[in-house]
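K.L.:
Take this structure, written in structure tokens, and hold onto it; I'll ask about it next.
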Amino acid sequence: MVSPLVVWLYKRKESSFVDDAGKESLNFQISMTLYGTILAALGLAIKGVSILIFLTLLDVVFVVIAGVKTSSGEAYRYPLTVIRVIK
């Protein structure tokens with residue numbers, strides 16, 4: 001979560017596209033951190049650990065998809081981003 005924050009803070013004033021993509025990335029990472037924290041707290045059972053692993057894989061997949069789409073100039077909205085802290 002630190003990397004998207006640093007890039008967004010440094011580059012957000014250069015273009016509105018970068019600003020929007022950075023906000024979207026940060027909101028997604030905040031949501032995933034929240035989900036992971038909740039699952040870790042509840043994850044004392046085996047199912048909780050397997051769901052946490054699945055959540056981590058989803059995080060990686062969505063970040064890669066977002067990277068590909070934004071590098072081609074297309075706006076990307078992450079799924080599972082319920083909370084938009086940064087607007």
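K.L.:
Based on this model, can you work out whether ALA45 counts as among the aliphatic types (A, V, I, L, M) and either modelled with pLDDT of 85 or more or farther than 21 Å from ILE83 by Cα (or both)?
P.N.:
yes
K.L.:
Can you list residue pairs whose Cβ atoms sit under 7 Å apart, with the first residue in segment 13-38 being farther than 15 Å from GLY73 by Cα and the second being assigned to a loop (DSSP other than H, G, I, E, B) and of a type in the set (Ser, Thr, Tyr)? Count only pairs 6 or more apart in sequence or on different chains.
P.N.:
That search, which allows pairs on different chains as well, returns ASN27/THR81; PHE28/TYR78; PHE28/THR81; SER31/THR81.
K.L.:
Does TYR10 meet the test of being touching a Leu at 6+ places or on another chain (Cβ under 9 Å), closer than 25 Å to VAL68 by Cβ, modelled with pLDDT of 75 or more and not β-branched (Val, Ile, Thr)?
P.N.:
No; evaluated as a whole, the condition is false for this residue.
The values are calculated or read from the model by the stated rules, or taken from the named source; none is laboratory data. Owing to the predicted nature of the structure, the values given are computational and were not obtained by experimental measurement. Glycine gets a Cβ as well: all are built from the backbone with ideal geometry, and neighbour counts include every protein chain shown.
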